[in-house]
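The values are calculated or read from the model by the stated rules, or taken from the named source; none is laboratory data. Because the structure is a prediction, the values reported are computed rather than measured. Methodologically, a virtual Cβ is constructed for each residue, glycine included, from the backbone with ideal geometry; neighbour enumeration extends over all protein chains shown.
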Amino acid sequence: MPPKKVLVTGGCGFIPSNFIRHLLQHTPYEVVSLDALTYAGNLENLRDVMGHERLRFIEGDIRDHDTVRDIVADVDVVVNAAAESHVEKSIQEGASQFVKTNVEGTQILLDAMREAPLDRFILISSSEVYGTAEAAPMDEEHPLNPRSPYAATKLGADRLAYSYFVTYDLPIVIVRPFNNYGPFQHPEKALPRFIIQALNDEPLTIHGDGHASRDWLFVEDDAEAIEAVITTPADAVAGEVVNVATGIDISVSQIADYVLDALDKPRSLKVHVEERPGQVDRHIGSTGKAERLLGWRARTSFEQGLEKTIAWYVNNRAWWEAILQTRAGVYSS
């Protein structure tokens, strides 16, 4: 059987760019990266691999029917990671762009798959579809109660994809990663924002009292989990929803402390600001299904992942400074 050809949408974003790098380093697959290069799609995220012989980059939008149809017809696997993902933006500016990309874009990809059958279609959903934990840890049967417009649109795509499995018997797999962190994450997100603020001796702004907790997943572990979804026999995963998590949650306030301590900065830099509307109180994911179906478990402890992440931001100051300068310093969690 020839090597698979994998389409990764949103390929210049944080999780997909790390996933593409993982595929090129650890598999024989050919990779097609499709990205519309909106504010979170940064060509610099793939600069080191852009000349790779097994990578093809296409600038394009998943809402463009013709482009999507042509690309999907030429690949074996689709990993749909394209998304508007900034929670704060969805609250402040409204849900319109989130609906168009996260829901309508997914629908266009799914319809292209109906015309050109694939080995499998992997939707990168989000743990945000669960809302606040009603039971800990949250397994895949946890109630779905999104608490922000962003989360609601991710749920729309999630359930739309599942309906295509039920209605059309397509090999759909839905992956729900918990809070990723690591290299190339946009400065708007909490952990890189804390690192950058600490490096600049600026206040680390924390919504509310900082008790809200998250299951923090190092992005390289997430990439390994998505690869496992590709390599597991299709009939074992089709129609399944799989959490990608560590099973451990850490509060936002503790995260700030870890960053300050690692960079030898005073904890007095922590500053509490008004709570964000629709805040999720607790996120902690069950890992059992991923272990059973995929043979996958997160390998990176938070301490190890944080050390690697801080080192990357320290050594790549030009990368994040350019983003802050050209995008008006959009950094809120």
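Just need a number here: residues in the stretch 269-314 that are among the aliphatic types (A, V, I, L, M), within 20 Å of Gln185 (Cβ to Cβ) and assigned to a loop (DSSP other than H, G, I, E, B).
Number of matching residues: 2.
Taken as a whole, the structure places Ile196 among residues that are in a helix (DSSP H, G or I), modelled with pLDDT of 95 or more and aliphatic (A, V, I, L, M).
Within the stretch 32-55, the set of residues being among the charged types (D, E, K, R), within 14 Å of Pro16 (Cα to Cα) and part of a loop (DSSP other than H, G, I, E, B) comprises Arg47 only. Checking the stated criteria, Leu293 turns out to be of a type outside the set (S, T, N, Q) and more than 20 Å from Pro192 (Cα to Cα). Among the residues of the stretch 125-165, write down those that are assigned to a helix (DSSP H, G or I), more than 19 Å from Ile226 (Cβ to Cβ), within 20 Å of the chain's Cα centre (by Cα) and among the polar types (S, T, N, Q). Of everything in the stretch 125-165, just one residue is assigned to a helix (DSSP H, G or I), more than 19 Å from Ile226 (Cβ to Cβ), within 20 Å of the chain's Cα centre (by Cα) and among the polar types (S, T, N, Q), namely Thr153. Answer with yes or no whether Asp257 is part of a helix (DSSP H, G or I), charged (D, E, K, R), modelled with pLDDT of 95 or more and more than 21 Å from the chain's Cα centre (by Cα). Answer is yes for this residue. Does Phe184 fit the bill of being closer than 22 Å to Val103 by Cβ, of a type outside the set (D, E, K, R), touching a Gly at 6+ places or on another chain (Cβ under 9 Å) and touching a residue at least 24 places away in the same chain (Cβ under 8 Å)? For Phe184, the condition - closer than 22 Å to Val103 by Cβ, of a type outside the set (D, E, K, R), touching a Gly at 6+ places or on another chain (Cβ under 9 Å) and touching a residue at least 24 places away in the same chain (Cβ under 8 Å) - is not met. Within the stretch 138-153, the set of residues being surrounded by 23 or more Cβ atoms within 10 Å (Cβ to Cβ) and either at pLDDT 95 or above or within 14 Å of Asn243 (Cα to Cα) (or both) comprises just one member, Met138.
Condition check ((1) polar (S, T, N, Q); (2) at positive phi; (3) free of Cβ contacts under 8 Å to residues at least 40 places away in the same chain) across all residues:
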| position | (1), (2), (3) |
| --- | --- |
| Asn145 | yes, no, yes |
| Ala151 | no, no, no |
| Ala157 | no, no, no |
| Ala161 | no, no, no |
| Asp169 | no, yes, yes |
| Ile174 | no, no, no |
| Pro177 | no, no, no |
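Against the conditions (1) buried (at least 19 other Cβ atoms within 10 Å of the Cβ); (2) farther than 15 Å from Thr9 by Cα; (3) over 18 Å from the mean Cα position of the chain (by Cα); (4) of a type outside the set (Gly, Ala, Ser), Tyr168 satisfies every one except (1).
If the condition is being modelled with pLDDT of 85 or more, surrounded by fewer than 20 Cβ atoms within 10 Å (Cβ to Cβ) and part of a loop (DSSP other than H, G, I, E, B), then the stretch 76-112 contributes only Asp76.
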